[in-house]
Amino acid sequence: MIVRFRNLSLTAKLLLIGIIPVLFLIYFSMMIYREKSQKVELLGNYIEHIQQSQNVAELVAELTRERRYSYFYKLNDTGFNRIVYHRKRTDSIIKLLEESKDPSFKDFPKYTFIDKIASIRAQIDSLKLSTNQIMQFYTDAIFRLNLLSSSLPANTFLKPAYADLVAQKKLSEMITYLGIIRTNVYNVLLTKQYVVETLFGTLGVYKVFNTYETEFLLKASPEAVSIYKKNKQGTDYSATLDYLHKVFSTFKFDSTYNANTFWNVSTQAMINLRQQQRTLWKSADMKMQGIYRDEENAEKETISFMFFAILLVLAVVAYIVNHIQKLLLEIKLAASKIAVGDTDLDLKNMPKGIIGDLAKSIIEIDKNNIALAEAASHIGKGNFEVNVQPRSSEDLLGISIQKMRDNLQEFTAQKDRIQQETEELIYRRDEFFSIASHELKTPVTSLKAYTQLMLMDSEGFRDQQQKRMLERMDIQINKLTSLINDLLDTSKIENGQLVFNREPFTLNELVNEIVSDMQPISLRQQLVFKNNQPASVYADRERIRQVISNFITNAIKYAGDSKKIIISLERHENTVICSVQDFGKGISKDEQEKIFERFYRVSGPNLNTFPGLGLGLFICKKVIEKHGGKIGVISHPRKGSTFYFELPLNSGYSQETEEENN
């Protein structure tokens, strides 16, 4: 390469050297243009997402109307033409969403209950569904659709429209929850049945509605807040909210409204709220379109600027190359004359002391390059106090290093700030889990006691449905208690406050107790306990019970259609291994390494079938490790999984081991 460069003519060499900055300029111009194009594309995607989110809101509104008319059709067997009309409007919006290119709405009917709407409509037409079943389907679909459109990130270039975007989203949430509340209240006013149960079940929805109202008032623009407050002064919306506040404060209904008058008043309230939501959406859409047009214009201006900048640089490079060539040719001619002994040289258009100035310039360039290299080295080591002084406004290298120093300094500061904020968020998250778990445990315990008292009182009742509802409530409270206990244990583990009450006991007896207790809840699988020989351990009996119960519970969940679950104890020299084997779908190898991590849950098409926080195995791992043991899993896809833990036998457990684990 060097030989070829030397063989080039002087003009070619100068042109080759001069074209390098042009190439760099073209590269950086392409990078800037690419960034602008990506920003325009991102804005276009945001606008598409916002428009489809509004279509979701319109779909929710149409489903609300279809729910109402279907309900009245079941009650009165009238108004079928109105139902058909709204079904067409609903189907048209569903088609728009299905044709959307936004990946957020891909195949949305499959997970929002919409894929069952044709079957439900057929049953409504034939009057096979009850009013409760009609209300339940449409309410579930509306609630799930409302969760479909996620909020946009608060990017700087979205700032002009962000307040309206957030505000209309909050109003959409309020509309959905208010629709659920007024439907339940209307049912109670109409049927006069299950008053307390319905109000108690709707109280949480009412509280969530109020939180969304508070969030709207905090995040919406002052103009939107002012309009909203005017709607609450002496309007049907105000009357509806006042009535709901009275109902949920006293858990009683007075004679203010009957079913029809309440429905009419609350319908007008919903219309007022939806009108403001649509107005806010139109305002946000106009602002987003304006931002998009501005960015498109900026992109075009960038292309023009880059084109003229490249032309300018090319012209400058051509001029410099031509000028340097003339100077060097004159120097060459003078050198030739000197070589043959000629004197009285006349160098035209030469600055005074050109050779000396050239040598001096080369030395200055070398010194400056060394200084820049040292500055770059210091910057690379994190010393941003180093002084970088470009020689002139045309010193691209000096200016670039100066900008690099400033950018790296800013990036480092941002990184440190983000790291600190992340640590603070993790601390707040753990603190929240701890406080929330403690605060939730007391009311849940009281709720458990009240439920059990009600169950005891219901023994003599003939209303078996009420009894079954209480039993299901008791089961759900037990699940909630388990989740709270997992959060408490996790908080204690993170804070080093998990206490163990160790005692010697026979592990075989504990496993027998657990199998006997859990066999009744395992309806499909038989729990088979394979006992090797008695094994005594020195451990916290209840914590070990917690680990084994968790293993068996998970095995029952994921055993599929297999007929049995095998629990084994194998005693070795100084340890005992307890394992639980199921014959379900198994766990992939890459997930086996993560399954004992906090909040981790195995992925798959049936993941949502099994509730939980992903804390059980994490707690089990910490419990076993604190006892000086080991925990693990052996699994093969479609063949099942074996979860096991290993503990020291009582005879092999020393006081030093206990102190070390504590």
Whole-Hz ³J(HN,Hα) from phi, Karplus 6.51 cos²θ - 1.76 cosθ + 1.60, for segment 182-188, glycine and proline x: 5, 5, 5, 5, 4, 4, 5
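Rolling a 1.4 Å sphere over the protein heavy atoms, what is the accessible area per residue of segment 519-604, to the nearest Å²?
Values: 4640 Å² over 86 residues.
Heavy-atom accessible area per residue stands at 54 Å².
Quantify, in whole percent, the carbon and sulfur part of the accessible surface of segment 117-242 (1.4 Å probe; protein heavy atoms only).
56
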Within-14-Å neighbourhood charge of Asp254 [Cβ basis; K, R +1; D, E -1]: +2
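Just to confirm a number: summing +1 for Lys and Arg and -1 for Asp and Glu over residues other than Ile93 whose beta-carbon lies under 13 angstrom from that of Ile93, what do you get?
Charge balance near Ile93 sits at -1.
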Sequence-distant residues sharing a close amide H with Val576 (under 5 Å, placed H): Leu647, Leu649
Local electrostatic count, Val166, Cβ distance below 13 Å [Lys/Arg +1, Asp/Glu -1]: +2
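The values are calculated or read from the model by the stated rules, or taken from the named source; none is laboratory data. Note that the coordinates shown come from a computational prediction; the quantities given were computed from them, not determined experimentally. Note that we place each Cβ from the backbone using ideal geometry, even for glycine, and neighbour counts take in every protein chain shown. Quick note on the areas: whole protein, heavy atoms, side chains included, nothing else; ligands and nucleic acids left out. Shrake-Rupley method; radii C 1.70, N 1.55, O 1.52, S 1.80 Å.
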